[in-house]
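Since every read-out is calculated from the coordinates, none of them should be taken as a lab result. It should be emphasised that the depicted structure is a prediction, and the values quoted were computed from it without experimental measurement. Here the Cβ positions follow ideal geometry from the backbone for every residue, glycine too, while neighbour counts run over all protein chains shown.
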Amino acid sequence: MKNSFLTFLLDSNICAVDISNVLEVLNYGNFTVIPGAKNYIEGLIYSREQGITVINLRKKFALKDREADKNTKIVVISVKKQEGETEKITLYGLVADRVLDVQFLEEDEIQEKYKTTIPKENIKKSLKLEDKTVFVLEMGDL
């Protein structure tokens, strides 16, 4: 079965999030700084009449720092978490080096062996796209 994923570059890795979780893609910038936040939190942006926490995935995954440029984007996603009997939806902005495309990937094309600079605990699964590996990110522990 094919599922749709939004793919983006992060360092030398092709990463992906399920398209059903993606709300929009925004240009990088215009943050409200959050004093005392973790080092990988860029700040807050306001979109859809809500404050959205922006996460710098390079910092979260301890990758080499990179200066933002015109290709740097913020992928706004919604994450559902079950808290007791209540389902809580939180919006996050993920900083991507470059947004690529929506890809339809086969779930049964899971890669067992791969090389990546992303910590393995942050990878939900890895799928094959032509001759490349795509890393579907684990969104549960942002």
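Mean-square fluctuations from a GNM of the chain, with a 10 angstrom spring cutoff on Cα atoms, peak among Ser126, Ser12, Ser78 at Ser12.
Where only DSSP H runs of four or more residues are counted, the chain gives -500 deg cm²/dmol as its mean residue ellipticity at 222 nm, each run worth -39500 (n - 2.57).
The GluC sites (Glu not before Pro) of segment 58-142 meeting both criteria, a DSSP state outside H, G, I, E and B (loop) and at most 13 other C-beta atoms within 10 angstrom of the site's C-beta, are Glu67, Glu85, Glu107, Glu112, Glu130. Looking at segment 38-82, which trypsin sites (Lys or Arg not before Pro) are in a loop (DSSP not H, G, I, E or B) and have at most 11 other Cβ atoms within 10 Å? Those satisfying the criteria are Lys38, Arg48, Lys64, Lys70. Sorted ascending by nearby beta carbons within 10 Å, beginning with the fewest, Phe31, Phe8 become Phe31, Phe8.
Using Cα springs under 10 Å in a Gaussian network model of the chain, which residue among Thr86, Thr117, Thr53 shows the largest mean-square fluctuation? Top of the fluctuation ranking is Thr86. Computed from the C-beta positions of Ala68 and Leu100 and an R0 of 22 Å, the FRET efficiency is 0.80 to the nearest 0.05. Taking 0.36 nm per residue of separation and subtracting the current Cα-Cα distance, fully stretching the chain between Lys128 and Ser78 would add 15.5 nm. Pairwise Cα separations in segment 2-137 fall into 5 Å bins from 0 onward with the following percentages, short to long: 2, 10, 19, 21, 21, 15, 8, 3, 1. Largest GNM mean-square fluctuation among Gly51, Gly43, Gly84, using the chain with Cα springs under 10 Å: Gly84. Subtracting the Cα-Cα distance of Asp18 and Ser4 from their residue separation scaled by 0.36 nm leaves 4.4 nm.
Taking amide H as placed 1.01 Å from N in the peptide plane, Glu138 has its amide H under 5 Å from the amide H of Ile123, Lys124, each at least 5 places away in sequence or on another chain.
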